[in-house]
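Colleague: Mind having a look at this structure? Questions to follow.
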Amino acid sequence: VQEFVREMEGDARVVGAESDVSLSAPEGDGSTLPAGGLLLASMIYEQPELRRIGADLARSRATGAGVRVAVIDTGILPHEFLEGRVLPEGWDFVDGDDDPLDEPDGEDNDGDGRVDEGYGHGTFVASLVLAMAPDAEILPFRVLDSDSVGAASFLAAAITMAADRGAHVINLSVSMEERAKVLQEAVQAAHARGVVVIASAGNTGRDDVNYPSALSQAFSVTAVDAFDVRAPFASFGSEIDLSAPGVDLLGAYPSETGTARWSGTSFSAALVTGAYAVLRELEPSAEHEHLLNRLEDTSEPLEDANPEDAGDLGAGRLDAGAASTP
């Protein structure tokens, strides 16, 4: 591979070359696998973790109407909770077509002993965005297969396409251990166009924020539990901008009841993305940095609950009610 890359770099017709980097969803190992839902989809709005961050108060002021949220993930499934709020302008980079449907294949493609462990991830993420901002418009892109396997090239192309198709904010609940230049350039370009990129920090449980969340142009989100203590799986570090609930969240999922409980920084990022959509509706002409600063400035401090992680969990824990207060 490296020999081929060197050949391409020496070709005057080639702008740049690098080996592609593997991409996945942060969830998938051990306790972060989805647990079958016991509650109805209508209860996603009223779950305790959303009430704790003032989601009901925020929704009483704005619902994300007119805000396009790109969810770049495993694709989207038909689901009652998402009905009427998914735009037809997405793209499937896995299959190379215009139908970003999340599809299981019944195979263990990544050889980890689990089959289709990523199935439903994108739908779960989208449902939490909508739980915060019920009138936002979801623009779906599929860059991960049903085992949550993809590539940096898919992600970079999806970010560019999302910006081209009018996304105001991009949710990246995806993870890479290595930096990829093509991805960094895509995030930088979106940021320069005023498109906010909100990314999950990863589930390493260490001071080791994954890409693209570690990029300075991405807004990095990690997870805390119901007591505002850093979740044991959550990545942390100086790159983190904000924390949000991420343990045992209820979301839309292809189960018998249409829901599941799932834990991970993917879902913390989704809540922050939804909160951003609410602020964007309230102040449609505001600079994106102003809105992100508001999320940080109104957050709940975490130092007392996390003395060993001081400075590594961002500005605090999301408080959507406070952020939306005039």
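Colleague: Quick check: the distance between the Cα centres of the range 237-287 and the range 55-125, to the nearest angstrom?
Modeller: The range 237-287 and the range 55-125 have Cα centres spaced 13 Å from each other.
Colleague: Let me ask another. Explain nothing, just the number: relative contact order of the chain, from Cα pairs under 8 Å at least 6 residues apart, as a whole percent.
Modeller: The normalised contact order for the chain reaches 23 percent.
Colleague: Please tell me the relative contact order of the range 66-166 in percent, rounded to the nearest whole number, where contacts are Cα pairs under 8 Å and at least six residues apart.
Modeller: 43 percent.
Colleague: Another question about this same structure. Considering only DSSP beta bridges whose two residues both sit in the chain, what percent are antiparallel, to the nearest 5?
Modeller: That works out to approximately 35 percent antiparallel.
Colleague: Summing -39500 (n - 2.57) over the DSSP H runs of n ≥ 4 in the chain and dividing by its residue number, what mean residue ellipticity at 222 nm do you reach, to the nearest 500 deg cm²/dmol?
Modeller: That calculation yields -8000 deg cm²/dmol at 222 nm.
Colleague: Between exposed trypsin sites (Lys or Arg not before Pro) in the chain, where DSSP calls loop and at most 15 other Cβ atoms lie within 10 Å, what's the longest gap?
Modeller: Longest run free of exposed loop sites: 207-326.
Colleague: I need the chymotrypsin sites (Phe, Trp or Tyr not before Pro) found in the range 223-308, filtered to DSSP loop residues with at most 16 other beta carbons within 10 Å of theirs.
Modeller: Sparse-neighbourhood loop chymotrypsin sites (Phe, Trp or Tyr not before Pro): PHE227.
Colleague: Angle check, please: helix 152-164 long axis (alpha carbons) against the longest principal axis of the chain (alpha carbons), in degrees 0 to 90, nearest 10.
Modeller: That works out to roughly 60 degrees.
Colleague: Take ALA12 and THR257, extend 7 Å from each Cα along the Cα→Cβ direction, and tell me the distance between the two endpoints in nm.
Modeller: In this crude spin-label approximation the distance works out to 6.6 nm.
Colleague: Right, another one. Which order do MET8, MET43, MET132 take by accessible area at a 1.4 Å probe, largest first?
Modeller: I get MET43, MET8, MET132, largest accessible area first.
Colleague: Another question about this same structure. In Å², what does the accessible area per residue of the chain work out to with a 1.4 Å probe?
Modeller: Heavy-atom accessible area per residue stands at 40 Å².
Colleague: If contacts are Cα pairs under 8 angstrom and at least 6 residues apart, what is the relative contact order of the range 80-122 in percent?
Modeller: 23 percent
Colleague: Express the carbon and sulfur contribution to the solvent-accessible surface of the chain as a percent, rounded to the nearest whole number, probe 1.4 angstrom.
Modeller: Heavy-atom surface of the chain belonging to carbon and sulfur, 1.4 Å probe: 49 percent.
The values are calculated or read from the model by the stated rules, or taken from the named source; none is laboratory data. Just so it is clear, the structure is predicted and the values come from calculations on it, not from any experiment. As a convention, Cβ positions derive from the backbone with ideal geometry for all residues, glycine included, and neighbour counts pool all protein chains shown. Areas reflect the complete protein model, heavy atoms only, side chains present, ligands, DNA and RNA absent. Shrake-Rupley method; radii C 1.70, N 1.55, O 1.52, S 1.80 Å.
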